[in-house]
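Asker: Handing you this structure, nothing more for now.
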Amino acid sequence: MKSKKKLIAGNWKMNGSLAVNDALLKGLVAGLAEAACDVAVAVPAPYLAQVQAAVFGSVIAVAAQDVSQHDAGAYTGEVSAAMLKDFGVRYTLAGHSERRQYHGETDAVVAEKAQRALAAGITPIVCVGETLQERESGQTEAVVKRQLAAVIHLNGHCISEVVVAYEPVWAIGTGRTASPEQAQAVHAVLRAQLAAASEHADRIRLLYGGSMNAANAAQLLAQPDIDGGLVGGASLKAADFLQIIGAAR
Ligand code: 13P
């Protein structure tokens, strides 16, 4: 029996402007008087104040795309969990594959980021996922299990406070989605790993991400261990994102 609400989170990545965000957020707020699921948008840090004001009083929660693994101090360019909290941030991505790939984030760094977020009262959405080469060489399970293991025992925090997003790298921005069966198979592996570590495994939301769109969302979200979506490109169009949200119940 699963009573948890699904979560649909948009990841805008490095897209947007004051004007573009304004139009998108107005469209979302107008289209979302209510939602059967939880909804969030992960926005570039400079727009946090704009987004916080625009979604105020709506069902949309503010999310960040990254958080520093440090608390405060001489870390030029970094944004701390406490700063995010100041802007009403409810969730932050941690260890998105683009951060792992282009910024050298290791499993240990991702765990520190998740820990910082939790300490500030922000829910980390920890991203895991294999590359095409890893999938083709039969390493998918080993890779996602290693990435999840790094965050499964965070000091003083129950893993049920974390959201996990499975995002196969080969499906991100490529239009090549994992099939519902492929995604469910990996989600089942993650769920089993969580179940071995915590009696609360059933409460943990496992999101799928990677070319999720208005056409394929319902099928993916119907899988027993898929509890929501992390949506890139399709979250930049209000109509598409609203359709995905409508498919999550
Ligand atoms: P796309 O939906 O554009 O493939 O991006 C997925 C993603 O990386 C979300 O974090």
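Asker: Return yes or no: is I226 more than 25 Å from A30 (Cα to Cα) and either part of a helix (DSSP H, G or I) or of a type in the set (A, V, I, L, M, F, W, C) (or both)?
Answerer: Values: more than 25 Å from A30 (Cα to Cα): yes; either part of a helix (DSSP H, G or I) or of a type in the set (A, V, I, L, M, F, W, C) (or both): yes.
Taking the combined requirement at face value, the residue satisfies it.
Asker: I'd like to verify a number: residues in the range 215-242 that are under 20 Å from V43 (Cβ atoms) and not aromatic (F, W, Y), how many?
Answerer: 14
Asker: Criterion first (more than 16 Å from the chain's Cα centre (by Cα), within 22 Å of T140 (Cα to Cα), away from the ligand (no atom under 15 Å from the Cβ) and surrounded by 15 or more Cβ atoms within 10 Å (Cβ to Cβ)) does A218 satisfy it?
Answerer: When the stated conditions are applied, A218 does not pass them.
Asker: When you scan the range 184-196, do you find a residue that is within 13 Å of the ligand (Cβ to nearest atom) and either open to solvent by less than 10 Å² (accessible area, probe 1.4 Å) or under 16 Å from N11 (Cα atoms) (or both), even just one?
Answerer: No; the residues of the range 184-196 include none that is within 13 Å of the ligand (Cβ to nearest atom) and either open to solvent by less than 10 Å² (accessible area, probe 1.4 Å) or under 16 Å from N11 (Cα atoms) (or both).
Asker: Given the options A63, A35, A40, A23, name the one that is assigned to a strand (DSSP E or B) and either open to solvent by 50 Å² or more (accessible area, probe 1.4 Å) or in contact (Cβ under 8 Å) with a residue 60 or more places away in the chain (or both). Let's see the steps before the verdict.
Answerer: Working: A35 fails: assigned to a strand (DSSP E or B); A40 fails: either open to solvent by 50 Å² or more (accessible area, probe 1.4 Å) or in contact (Cβ under 8 Å) with a residue 60 or more places away in the chain (or both); A23 fails: assigned to a strand (DSSP E or B).
Just a single option satisfies the conditions, and that option is A63.
Asker: Would you point out the residue of the range 229-242, among those that are within 14 Å of the ligand (Cβ to nearest atom) and assigned to a helix (DSSP H, G or I), that is most open to solvent (accessible area, probe 1.4 Å)?
Answerer: Selected residue: L236.
Asker: Only one residue in G77, G129, G95 is on the phi > 0 side of the Ramachandran plot and more than 14 Å from the ligand (Cβ to nearest atom). Which one?
Answerer: The conditions single out G77.
Asker: Which condition from (1) charged (D, E, K, R); (2) outside any helix (DSSP H, G or I); (3) within 18 Å of the chain's Cα centre (by Cα) is the one that D71 breaks?
Answerer: (3)
Asker: Is there any pair with a first residue in the range 225-237 that is closer than 19 Å to V162 by Cβ and among the polar types (S, T, N, Q) and a second that is more than 7 Å from the ligand (Cβ to nearest atom) and part of a helix (DSSP H, G or I) whose Cβ atoms are under 9 Å apart and which are 6 or more apart or on different chains, and what are they?
Answerer: Every condition considered, no pair remains.
Asker: Do we have G209 as open to solvent by 10 Å² or more (accessible area, probe 1.4 Å) and within 10 Å of the ligand (Cβ to nearest atom) here?
Answerer: no
Asker: State all residues of the range 24-67 that are among the small types (G, A, S) and touching a helix residue (DSSP H, G or I) at 6+ places or on another chain (Cβ under 7 Å); if no residue qualifies, say none.
Answerer: Scanning the range 24-67 gives G27, G31, A35, A54, S58, A64.
The values are calculated or read from the model by the stated rules, or taken from the named source; none is laboratory data. Values in this document were obtained by computation on a predicted structure and should not be read as measured data. Because the Cβ atoms are built from the backbone with ideal geometry, glycine has one as well, and the counts that use them run over all protein chains shown. Please note that ligands, DNA and RNA were not included when accessible areas were found on the heavy atoms of the full protein model with its side chains. Shrake-Rupley method; radii C 1.70, N 1.55, O 1.52, S 1.80 Å.
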